[in-house]
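Read-outs: derived from the displayed coordinates by stated rules, not from any lab. Note that the structure is predicted; figures quoted are calculated from it, not measured. Here Cβ is always computed from backbone atoms with ideal geometry, including for glycine, and neighbour counts include all displayed protein chains.
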Amino acid sequence: MHTQLNNITIGYSDQGTGLPIVFLHAFPLNRTMWEVQEQALSSQFRIITIDLRGHGESDAPLWHYTLDQSADDVRALLDHLEIQRALFVGLSMGGYILFAFYRRYAARVKGLILADTKAPADTEEGKNGRFQLAQIAYRQGPSAIADVMTPKLLSPATIQTNPNLVQHVRAMIEGNQISGIAGDLMAMAERPDSIPLLNHIACPTQIIVGELDQATPPSDAKLMAEQIPHARLAIIPNAAHLANLEQPECFNQIVSAFALNLEK
Ligand code: MLT
């Protein structure tokens, strides 16, 4: 499905009925990274997946991106779908956008699942890495980004034994426009430190991390779990950064249990 909001086209899916659960994808992927969650959970809940600005079927305008703008896009989609409050699941960049969303629209948040993400802003070295990656995207195109990113997103075992999943991840990355890749990199480099926000998060919160995640390791997840009041932490074995794709049953079970509890 598509809609026009904030002057661009946004692609999204809306399946099922019940408690709305909104899924925000990682960089530089798109909403198809949540297909397995959509299939498994839409018999119990209303599952909304969004192609964030710059990705998938959404427009990737050549302009300045911010994570606040992505949070505004999500809010506009909620308004369009007439959803007042939802459970939000954000993985990595999706989690960074949830921090921005919570700062602006906490009243719309019934619960948060922060997966394979982290609260601190980029270090100077991290910002420099984003600058270099944007230059690779510009000079060599999205398949060079897939070469760099795939080993950061998936565990070595998945890369060796699950060619279909590797191909799906590469295809998502290769489908991006350069404006979307570079726009996200600039937006992530400019994002503020969210550590001061953590102890102000008042909604029920579940943290999930793959035990092998090197991009946002379990130490980042533990910090969020310590600082967000009453947050729960789940560490998924045999998964790296894309824990929802590498261990979908375990990931889905955690989301489903948390969502059922929220409905009580
Ligand atoms: C992601 O998966 O969204 C990225 O690894 C986040 C990042 O680059 O900080």
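Each residue in region 35-44 was checked for being crowded, with 21+ Cβ neighbours inside 10 Å and in contact with a Pro (Cβ under 9 Å, 6 or more places away or on another chain), and 1 pass. For region 213-234, what are the residues that are away from the ligand (no atom under 14 Å from the Cβ), surrounded by 17 or more Cβ atoms within 10 Å (Cβ to Cβ) and assigned to a loop (DSSP other than H, G, I, E, B)? The answer is I228, A231.
Looking at G129, G56, G95, which one is surrounded by fewer than 20 Cβ atoms within 10 Å (Cβ to Cβ) and within 30 Å of N164 (Cα to Cα)? Walk me through how you get there before you give the answer.
Values: G56 fails: surrounded by fewer than 20 Cβ atoms within 10 Å (Cβ to Cβ); G95 fails: surrounded by fewer than 20 Cβ atoms within 10 Å (Cβ to Cβ).
Of the residues listed, the single one that is surrounded by fewer than 20 Cβ atoms within 10 Å (Cβ to Cβ) and within 30 Å of N164 (Cα to Cα) is G129.
Scanning region 238-264 for residues that are away from the ligand (no atom under 16 Å from the Cβ), farther than 13 Å from I113 by Cα and among the small types (G, A, S) yields a total of 0. Note on region 1-18: residues that are surrounded by 14 or more Cβ atoms within 10 Å (Cβ to Cβ) and more than 18 Å from D79 (Cβ to Cβ) total 3.
Out of G94, G90, which single residue is part of a strand (DSSP E or B), under 12 Å from the mean Cα position of the chain (by Cα) and not aliphatic (A, V, I, L, M)? So that I can check it myself, show each step before the final result.
Details: G94 fails: part of a strand (DSSP E or B).
After applying the criteria, what remains is G90.
Would you call S43 in contact with a helix residue (DSSP H, G or I) (Cβ under 9 Å, 6 or more places away or on another chain), among the hydroxyl-bearing types (S, T, Y) and outside any strand (DSSP E or B)? Against the criterion (in contact with a helix residue (DSSP H, G or I) (Cβ under 9 Å, 6 or more places away or on another chain), among the hydroxyl-bearing types (S, T, Y) and outside any strand (DSSP E or B)), S43 does not qualify. Counting the residues of region 147-171 that are more than 21 Å from I97 (Cβ to Cβ) and within 13 Å of the ligand (Cβ to nearest atom) gives 4. Of the residues making up region 17-34, those that are closer than 22 Å to T216 by Cβ and free of Cβ contacts under 8 Å to residues at least 40 places away in the same chain number 1. Close Cβ contacts (under 8 Å, 6 or more residues apart or on different chains) running from residues in region 130-149 that are touching a residue at least 24 places away in the same chain (Cβ under 8 Å) and in a helix (DSSP H, G or I) to residues that are of a type outside the set (A, V, I, L, M, F, W, C) and within 15 Å of the ligand (Cβ to nearest atom) comprise R130/D122; P142/P28; P142/N176; S143/R170; I145/P28; I145/N176; A146/R170; M149/P28.
Answer yes or no as to whether A107 is in contact with a Lys or Arg (Cβ under 8 Å, 6 or more places away or on another chain) and without any contact (Cβ under 8 Å) to a residue 40 or more places away in the chain. Break it down stepwise before answering.
On the way: in contact with a Lys or Arg (Cβ under 8 Å, 6 or more places away or on another chain): yes; without any contact (Cβ under 8 Å) to a residue 40 or more places away in the chain: yes.
Yes, satisfied.
The lone criterion from (1) out of contact with any Leu (no Cβ under 8 Å at 6 or more places or on another chain); (2) not in a loop (DSSP other than H, G, I, E, B) left unmet by V166 is number (1). Just wondering, is there one or more residues in region 173-195 that are more than 12 Å from the ligand (Cβ to nearest atom) and without any contact (Cβ under 8 Å) to a residue 24 or more places away in the chain? No, there is no match, as no residue in region 173-195 is more than 12 Å from the ligand (Cβ to nearest atom) and without any contact (Cβ under 8 Å) to a residue 24 or more places away in the chain.
Filtered by the rule that a residue be part of a strand (DSSP E or B) and within 15 Å of the ligand (Cβ to nearest atom), region 15-38 gives F23, L24. For region 196-212, a tally of residues being within 15 Å of the ligand (Cβ to nearest atom) and out of contact with any Leu (no Cβ under 8 Å at 6 or more places or on another chain) returns 1.
Scanning region 98-126 for residues that are surrounded by 13 or more Cβ atoms within 10 Å (Cβ to Cβ), within 13 Å of the ligand (Cβ to nearest atom) and not in a helix (DSSP H, G or I) yields L114, A115, D116, T117, K118, A119, P120, A121, D122.
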